[in-house]
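What follows is a short report on a single structure.
Bear in mind that the values in this text are calculations on the coordinates, not laboratory data. Everything quoted here is computed from the prediction, not taken from an experiment. Here Cβ is always computed from backbone atoms with ideal geometry, including for glycine, and neighbour counts include all displayed protein chains.
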Amino acid sequence: MKQIMNRPLYLYVFFILLMVLLSFIFPEKSHTILNYLLVFFAWNMAVILHELGHVFFGKKNNLNVIEMTAMFIRIVKSKDRTIISENKDWNKVGGVVHFLPGDSTRNLTTRWKWSVLGGPIFSFSFGILFLLLSWMYPLFFINILGYMNIAIGVITVIPFAQSDSSIFLMLHRNDKNANEYILSLLLLQEFSSDKQPSQWSKEVVEQSRDLLSNDLNMANEKHSILRLPLYYYYFDVGNYSEALNVLKPISKASQDVLMSDPQTNIMFNLYITHLCLFNRNHGYLQSLSQPSNIDLIGNKEPYSYYRTLAAYKTFQQDFNGAKEALKQAKDLLNQELKLSYGYAKVEKHLLEGIQEEILLEKTM
């Protein structure tokens, strides 16, 4: 049941079927129930139009769109491949578009501001269009679609958290926060490329590391996302101690954060993998052996989970369990390698390390 609740697609289908069933059970209410369904469809269509606004203005400003997610649909682009899959993350149901700077960093702040504005511009434009059409063609769906677009436009221009307007205003101020934001984009562009981590821009890496060194706030997500690519870089250049230091603060995150936030959980799993392979005498591994802590190796992302489980099983000397988990991890990593991400070569090295631990036991 929990797996069903965690899948937006299942609940979408359940809601639609429930509304249809209720319309048959209560025929006198069927018109009202149909209107509820139309409101539901209008809201989701307005969400899609909003995200398409970001995509349109992003493309017009020569940014690379790498992901668009809305409702239960996830579209990811890597090089010449476009992959359409099911969105299993409720955090992205309301719509998410991810960009990378592209081949040029010229006027990047201005171009990024236009991509951020694209969503509200589309929402207000289509909202006004559908409301005008509803005066000509007085249909409930067209009318409500207009209001839904206007509503999303209004919500996204309110400057709160990571709303479109808050990001735009930050970039418009062109202050320290804006510069740090742009720096994180440049590092994530390297991270999403086909270049091996050791070939990434050294200047961008060093500036990102300095930023983390001055940031003592683990809750700062803008900075925290730098940790994963930095780990891959330092690992690939052979600086294992610095790679570990980059991830070490993750171990101090609360259990609630580790279990609920996918990004933090992925980094925590990588931290445990590194300790199991290169720092087996580390005290943190001993504390992880407690039954109350072992569940911290979360399965928010399947590859991260199976790779870490395989590494931890070798640490426990459960080599049969390690082999089973390693097989799952290898199958999932092959999919990443097909997408030509350079960091996947570091992950391949980690899996080879786990394989060596298993083979070493057989020869003993």
Local net charge near K327, Cβ-Cβ under 13 Å (Lys/Arg +1, Asp/Glu -1): +2
I want to check the label-to-label distance for F41 and K88. Put each point 7 Å from Cα in the C-beta direction and report it in nm to one decimal. 2.9
Amide H partners (placed H, <5 Å) of S78, local residues excluded: I83
Helix 344-363 vs. the chain, principal-axis angle (Cα, 0 to 90°, nearest 10): 40
Need the full-extension length gain, S254 to F140, defined as separation in residues times 0.36 nm minus the C-alpha distance. One decimal, nm. 36.3 nm
Residues listed by number, region 97-114, amide nitrogen under 15 Å from F56 label point at 7 Å toward C-beta: 114
Interchain or sequence-distant (5+) residues whose placed amide H lies within less than 5 Å of the amide H of I66 are H98, F99, L100
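On a 32 Å Cα-Cα criterion, which of the cross-link pairs K195/K323; K59/K92; K88/K195; K176/K348; K59/K252 come out too long?
K176/K348; K59/K252
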Whole-Hz ³J(HN,Hα) from phi, Karplus 6.51 cos²θ - 1.76 cosθ + 1.60, for region 183-193, glycine and proline x: 4, 5, 5, 5, 5, 5, 5, 4, 4, 8, 8
Remind me, relative contact order of the chain in percent, using alpha carbon pairs under 8 angstrom and six or more residues apart? 11
Quick check: from the Cα gyration tensor, does region 154-273 come out rounded (a/c under 1.5), prolate or oblate? oblate
The chain, helix-only ellipticity at 222 nm - DSSP H runs n ≥ 4, -39,500 (n - 2.57), divided by all residues, nearest 500: -21500 deg cm²/dmol
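For Q355 and E206, calculate 0.36 nm times their separation in residues minus their Cα-Cα distance, and state this gained length in nm to one decimal.
Between Q355 and E206, full extension yields 50.4 nm more.
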Tell me whether region 2-172 comes out rounded, prolate or oblate; compute the Cα gyration tensor, take square roots of the eigenvalues as a ≥ b ≥ c, and use a/c under 1.5 as the rounded threshold. oblate
Choice from I16, I66, I142 showing the highest fluctuation, given a GNM over the chain with Cα pairs closer than 10 Å: I16
Using the alpha-carbon atoms, what tilt in degrees (0 to 90, nearest 10) does helix 262-278 show relative to the longest principal axis of the chain? 10
At what distance in angstrom do the alpha carbon centres of region 229-251 and region 1-60 lie from each other? 43
On a 0 to 90 degree scale, rounded to 10, what angle separates helix 30-60 from the longest Cα axis of the chain? 60
Classified through the alpha carbon gyration tensor (a ≥ b ≥ c as square roots of its eigenvalues; rounded if a/c is under 1.5, else prolate when a/b is larger than b/c, else oblate), region 147-204 comes out oblate
